[in-house]
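Report on the structure given below.
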Amino acid sequence: MSRNIWKSLFAVGFIFLYAGGLEAEETSQNETSLEKLWELVVFENTEVRTAIRDRELSDYDFSHYWQRFLPSVFVSSSSTFSDISTENSEVPESLNSSITISENLPGGLSIEVSPNVSFSRELVEEKTKLIEETKVSVSLSQKLLPYWAQKCGKNPEKTIQQNNNRQAAVNSKIVFLSKIEDITNKYFQYRNYCRNIDSVEKRIILLQEELDTLKKMNLAGNASLIEVFSIEEELKKYMNERQSYNSSKESTLFMINNYFSIKEHNHPKLQSYNNIQELLLPEKELPEQIEPVFLENPTYEYLKLQENNLEANLILNRQNSSPVLSLSGNVPVHNSYDEDTFYGAYQSSNAKKWSVSVSLNLTPLVSDSKKRILKEYENDKQTNKEKMDALVNSLSDEREMYETLLADSKNQLELLRKSLEYYQSLLEAEKVLYNNGKITLFEIHQTEVEIACKKNDIQNCEDNIWYYSWVIKNKVSGQARH
């Protein structure tokens, strides 16, 4: 398999993280069975798909971040009628209509504008007077410690939203990596069980052949019952071992199937296979290249984003807990006083009345909020740092463990290959002895079984070496990699 094919697998992983809404493409005939399983994790694992949808929702929220700064609009109208006299009873005693537009802007600035039109009537010297008043109310409030006064050039609210969006993407990577690690582990377990079952079955067939021979010899008086019983006990041991391997194999297959929510016979990724079990056969080749799924451990990346969020939250909390300066006022636009109708009220004008008020909320200065905000920030930052340190140490310890397993497996592989060479040489020598009538065919079968079992052991060991190498590539954080 070429390196380009290998890279295409990981391109699928990155595409699913950042593009979304993928549909399964036609399976490449050059992909290995393990790569197909990895792609199925992307497209068909419920938890991964849920993480992708959560990330897509976060993408939408971030791309529509500006909507939180759209003004809110409130419209109201009220009227009062009087039943005291029937004259002009259809005319309201008073009428009031207003539109309130409010806007919250970055930096703790709030603006509210409210145009208001009101009509009322009153009885003056037995005549009905109509009063009309149009005014605009304006209110401004400003936090006295906005983010830009804290030497922060970027709106912390947007920073937090951006970090949350990145964390959603990283979380989908965490879920994906967790599932791909699990499926890879189960994949190699299944292959290992298949080969072990094959070795045990070959030994069982050989022992049954030996047992049948011993029983015939016992009847002829050339073998004791103790020899027969010894072979029978050894045969039972291998049968129990086979049953244990078969149970483990079926349990592993069940867990692998549970990773996916597919109807196997209809899925394009399995179009050349009857079911997932065919992807797990031990004779399937492994990818030639071993590369990390992600350049940086996603959990470590998530904690770094969390650290950035703490800094932005500190600035935002300082802003929101600072004193507030408020300025409000009523600006008259039109006043009139008329004796006839509502329409006439617009034809005259009286003196306009202005009102302005200034207020300063100093409550935060006398409260303990500033100290608490700083204390909470320090506690959260220390906790996050401890999590990052613990993760790096854990990954380092885990890597060291797998490096030890890798080294042991390489040594074991060398010994197994030497052992295989010995039995292959022995088989050639035994064939010569058999042709000369010095040994039986059964002895040759024994050596052939040993050779087959050694080959299975070698393949299991090679699988372990590939798996340990792959885990090491994916169990390192950004710092630990250096």
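To one decimal place, what Kirkwood hydrodynamic radius in Å is obtained for the stretch 132-268 from all pairs of distinct Cα atoms? Every distinct Cα pair counted, the radius reaches 22.6 Å. Spin-label pair Asp182-Ser251: with each label point 7 Å from Cα along the Cα-Cβ axis, the two points sit 1.6 nm from one another. Between Phe62 and Ser425, the contour length at 0.36 nm per residue exceeds the alpha carbon distance by 123.8 nm. Val432 versus Phe229, label points 7 Å from Cα toward the beta carbon: distance in nm? Simple spin-label model gives 4.2 nm for this pair.
Accessible area per residue of the stretch 175-325 at 1.4 Å probe, in Å²? Write down the numbers at each step before the final one.
Numbers: 7740 Å² over 151 residues.
Accessible area per residue: 51 Å².
Modelled this way, with points 7 Å down the Cα-to-C-beta line, the labels at Lys154 and Lys381 are 1.8 nm from one another. Among the listed pairs Lys249/Lys431; Lys158/Lys371; Lys216/Lys455; Lys36/Lys473, those whose Cα-Cα separation exceeds 28 Å are Lys249/Lys431; Lys216/Lys455.
Extension gain, Ser102 to Glu307, is 70.5 nm, computed as 0.36 nm per intervening residue step minus the present C-alpha separation. Say a paramagnetic label sat at a point 7 Å from the Cα of Phe69, along Cα to Cβ; which residues of the stretch 136-173 have their backbone N under 17 Å from it? Within reach of a label on Phe69: 141-143, 146-149, 152-163.
Can you tell me the dipole magnitude for the stretch 367-432 around its Cα centre, using point charges on the Cβ only (Lys, Arg +1; Asp, Glu -1), in Debye to the nearest 20? Could you put the intermediate results ahead of the total?
Numbers: 12 positive and 15 negative charges, 93 e Å.
So the dipole magnitude of the stretch 367-432 works out to roughly 440 debye.
Summary of the geometry: the stretch 308-325 and the stretch 410-464, compared by the centres of their Cα atoms, lie 73 Å apart.
Heavy-atom accessible surface of the stretch 386-453, averaged per residue, reaches 65 Å², computed with a 1.4 Å probe. Solvent-accessible surface (1.4 Å probe) assigned to Arg191 amounts to roughly 10 Å². Most tightly packed first, judged by the mean number of other beta-carbon atoms within 10 Å of their residues, the peptides 435-445, 292-302 read 292-302, 435-445.
Placing a label point 7 Å from the Cα of Val138 along the Cα-to-Cβ direction, the residues of the stretch 300-327 whose backbone N falls under 12 Å of that point are 327.
The values are calculated or read from the model by the stated rules, or taken from the named source; none is laboratory data. Not measured: the values here are computed from a predicted model. Please note: Cβ atoms are built from the backbone with ideal geometry, for glycine as well, and neighbour counts cover all protein chains shown. With ligands, DNA and RNA removed, areas are computed over all heavy atoms of the protein, side chains included. Shrake-Rupley method; radii C 1.70, N 1.55, O 1.52, S 1.80 Å.
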